[in-house]
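Shown next, in structure tokens, is the structure this report addresses.
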Amino acid sequence: MKASSAVVGAVLAGWFLVVLVAGRAGWFEAAASQPPLALLVAVFGPLLVFTLVHRASDALRRFVLGLDLRLLTAMQAWRVIGVMFLALYALGLLPGLFAWPAGVGDVAVGLAAPFVVLAMVRGAPAWRARVAWLNIAGLIDFAGAIATGVLTSTSSVGFLASGVSRASLGALPLSLVPTFAVPLWTLMHVISLLQLRRASASP
């Protein structure tokens, strides 16, 4: 388990450095005539890689199913940092169509997470259902944020862009949100749901 944790830690550190360097180089910023392909690959690529490796590796399956579900759930409390989207909206740097659902959704999930962990610790009768709904809500929030982020972007698919200057989610430091934070938290959601599925399948 310690060896697996070290490998995962190294992968996460390497992943963070790659997106940091790529963000600094401007790889995630799409021209007005192009779709944000690099940014979308950074968002969905880690989930695809995880799915493929998870299906092929017994070691990875054992590792993710052995993670502490309480810790995975508690990590969702960090989602309250999504309030920064509302702050940037107030400063006129992000469109409301993106900032409001993304910011409010993140904050709601982040505030709910400690209460779900408390239900787990106390062994509340419906704690598994609460964990499931927290993770489902978190995934729906991400899906909405990605969709509105793309549609309000300054790229060729920004059909709902307002035309005013805005902070770019493809440039540092905001690029770390869609290229690292969102896929990492998405993976935690997926792992939590996999653990719940295993528990429900057990006699």
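What to note about this one:
- Of the criteria (1) under 18 Å from Leu176 (Cα atoms); (2) among the hydrophobic types (A, V, I, L, M, F, W, C); (3) without any contact (Cβ under 8 Å) to a residue 12 or more places away in the chain, which one Ala90 fails: (1)
- So Phe115, is it of a type in the set (Phe, Trp, Tyr) and at pLDDT 95 or above: yes
- Residue selection: Ala30 satisfies the criterion of being surrounded by 15 or more Cβ atoms within 10 Å (Cβ to Cβ) and more than 20 Å from the chain's Cα centre (by Cα).
- Entry remark, the range 9-37: residues being touching a Leu at 6+ places or on another chain (Cβ under 9 Å) and in a helix (DSSP H, G or I) number 7 in total.
Conditions tested, residue by residue: (1) free of Cβ contacts under 8 Å to residues at least 24 places away in the same chain; (2) surrounded by 13 or more Cβ atoms within 10 Å (Cβ to Cβ); (3) among the charged types (D, E, K, R).
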residue: Val116; (1), (2), (3): no, yes, no
residue: Val131; (1), (2), (3): no, yes, no
residue: Ala143; (1), (2), (3): yes, no, no
residue: Ser155; (1), (2), (3): no, yes, no
residue: Phe159; (1), (2), (3): yes, no, no
residue: Ala171; (1), (2), (3): no, yes, no
residue: Phe180; (1), (2), (3): no, yes, no
residue: Ala199; (1), (2), (3): no, no, no
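- Conditions (1) over 11 Å from Thr179 (Cβ atoms); (2) modelled with pLDDT of 95 or more; number of the one not met by Ala22: (1)
- Test: residue in the range 62-81 that is of a type in the set (Ser, Thr, Tyr) and within 14 Å of Leu174 (Cβ to Cβ): no
The values are calculated or read from the model by the stated rules, or taken from the named source; none is laboratory data. These numbers come from a predicted model, not from an experiment. Methodologically, a virtual Cβ is constructed for each residue, glycine included, from the backbone with ideal geometry; neighbour enumeration extends over all protein chains shown.
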